[in-house]
Structure formats: C-alpha cells, structure tokens
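Inspection log for the structure reproduced underneath, given as structure tokens.
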Amino acid sequence: MPARADPRRRARALIRSFGNARLLVVGDLMLDRFVWGRVNRISPEAPVPVVQVTSESVHLGGAANVVHNIRALGGRATACGVVGRDSAGQLVLAELERVGAGTAGVTVSQGTVTVEKTRIIAHNQQVVRLDREQRAPSSGATARLGRFLEQHLREFDAVVLADYGKGVINESVLSLLGAAQARRRFLLIVDPKKPNFPHYRGVTLATPNLLEAADAAGIEICDNASLRAAGRRLLERWEAEAILITRGEQGMSLFTRTGAVRHFSTAARQVFDVTGAGDTVVATCAVALAVGASLDEAAFLANHAAGVVIGKLGTATLSAAELRKAIVNGEC
C-alpha cells in the first residue's frame, strides 16, 4: 500500500508558487479606520466609557482587504470596484498602490460615498463601530465597472467576488460574469452576501459563514445532518463545484459536487479579533486554486491562514512565510 502523501510538503510547494497567481477581485472596496485608546472613567453625560485616544490607523477593508491578503501572500491582484471622490476613497487608492495592487479596475465616482468603518478600540476591545456608506453606486459607475470586466477578464487566472452587500456586486454584474463563464470557463470564488443569494451561478467555490449558509439554504443548521443538508442545497442552488462553510471555533466544512465532505478543525491557537478573517479565507483559497491546488488543498491552506489572522488585532493579513510556519508547526 503506497505511503500517504505529506500534506505539509504539498502545501509548501503551493505556497512557493503563489507569486504566479493573477487574480481580479471584484467587490465593495472599503476603508477600515481604527481609533486606539484607553478607558479610565465613565462619562458624566451618559453611561458610556470615555476613550482617551492614543493613536489612529487606517487599513484596507472589504474587497480591498481581500486584495491586500492576496498581495501579502505573494499573489498578484487587481481591484475592481467603486470609490468616491472623497478622502476615504483617496486613502483606499493610495493604500492599494502602496501594497502593489493594480487599480485599473477601480472607478472613482463623484456621486459615491466610499464605505468607511471606524472602530474605536480600548484595552484591545472594540467599544463601538461607526459606519459611513452608500448602498449602491451610480448606474454610470456600474456601467464603467462592467466595461472593465468585459475587456479584461481574460487577463486573470481567477475572479474573486468579495460581496459585502453594498451594491457593487449586483444581478447585472453577475449576469455579465455568467455570460463570460458560458463562453470560457474560469475560476470563480465567491464570498456571498444575502442580497445576491438568488443570483450566484457557476461558482467554483463559495465561502459562506455558518449563518450565511443557513440563510441561503433555508435550513437551520443545528447538527451535522443539517450542516450536510445545507451544504448539498447550496451546491445545487449556486451550481457550485464546492462550498466551504466557515464555522468559527468549530473550524470549516468543505462540500464538493462529487459528494465528498471534509471537516477541518480550527487551526487557531488564540483568538484576539475575527475582523477580516473571512477575507483571509477567500483570498487564500483563490490564490491556491489559481496555482493549481485542489479544493481540499485550498481549504487546508485557508484554515491555517485564518488561524493566524484571528490571533492578530484589527484588520490583519499574513505573509506566505507566516502561512508556511503555521503549517509546519500545526497539526494536519
């Protein structure tokens, strides 16, 4: 009987080839702003903490954080989305360029408010989050995004839909991608959100969390049987090759069209912040699939990547070296 292949060795080989991946990330580009401070008293004006601000930082968020994760892993990534002609939009573009991402697919729209999330953190805990957003870009901005997709899809090994329900991913964009899939199959990795549950089709891999999977499948997930039923239903509904359901501290579950099911125990050693962990999962899966990983291998890598980033505070990424280290030191 032949010896079982060492998954760590295969994983390291895949990570070494991440630099060959060319990915297009389509979705809701955001700015994550963090206000850091400490709390020593309660306000006399209302029963709320007074945060003494010590520092502030900005990070790429939403689909832009998926791009950042791909770049941190060594892959090549181009962003495709919409930002406003505001200070947050300028910061998103500047940060994308700083991390070496392509911005040719980014439409700057006068009538758009760039999505910005401000998290106030005190003593390593989030006190409150402030959101600025506009639900949908203008029809003109959407049309320009569609033209970019029609002209440039062939330049990429895979397309990632980083959907946050803010309107960039809509039925029109999904129809355009569906028509392109009919002409020439390409890898399509989707981080799904409720507004578009009825519209995803021809998906290579979708990465819903447990609540999203239950909602999209219309099944309350309360045990292994209902988890399996939800996975099967989503495979059918989205005409998907695979569904990877992320389950927090319970790890991940991969369902494939062949009927195979594999559960991955969480690789996290400590949990500080789950902000952006889903971005890391979809980014790692996309890079891995783009360089020839199997669905099982992509999920294995993503599970270890998520285990690293939730041990960091704030919107985080990890490098290829960190992923290699996590796999060498972790359990398979």
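Every read-out reported here was derived from the displayed coordinates using simple, explicitly stated rules and does not represent laboratory data. Note that this is a predicted model, so its numbers are computed, not measured. We place every Cβ from the backbone using ideal geometry, glycine too, and count neighbours over all the protein chains shown.
Worth pointing out:
- Using C-alpha pairs below 8 Å separated by at least 6 residues, the relative contact order for the chain is 18 percent.
- Residues whose amide H lies under 5 Å from that of residue 158, counting only those 5 or more places away or on a different chain, are 22, 24; hydrogens are built 1.01 Å from N in the peptide plane.
- Backbone N under 15 Å from the residue 124 label point (7 Å along Cα→Cβ), restricted to region 36-54: 37-39
- Here the dipole of region 8-114 is about 920 debye; that uses its Cα centre as origin and unit charges on the Cβ of Lys and Arg (positive) and Asp and Glu (negative).
- Prolate/oblate/rounded label for region 72-183 (Cα gyration tensor, a/c 1.5): prolate
- Rounded to the nearest 500, the 222 nm mean residue ellipticity of the chain from helices alone is -11500 deg cm²/dmol, with -39,500 (n - 2.57) taken per DSSP H run of at least 4 residues.
- Listed values for region 286-291 are Karplus-derived 3J(HN,Hα) couplings in whole Hz (6.51 cos²θ - 1.76 cosθ + 1.60, θ = phi - 60°), namely 5, 4, 5, 5, 5, 9, and x replaces Gly and Pro.
- Listed values (1) 62, 59, 35; (2) 71, 45, 40; (3) 97, 37, 34 include one computed from this model; for Cα extents along the principal axes in Å that value carries the label (2).
- Note, ³J(HN,Hα) from phi for region 162-178, Karplus 6.51, -1.76, 1.60, rounded to Hz, x at Gly and Pro: 9, 9, 10, x, 9, x, 5, 8, 9, 4, 5, 5, 5, 5, 4, 5, x
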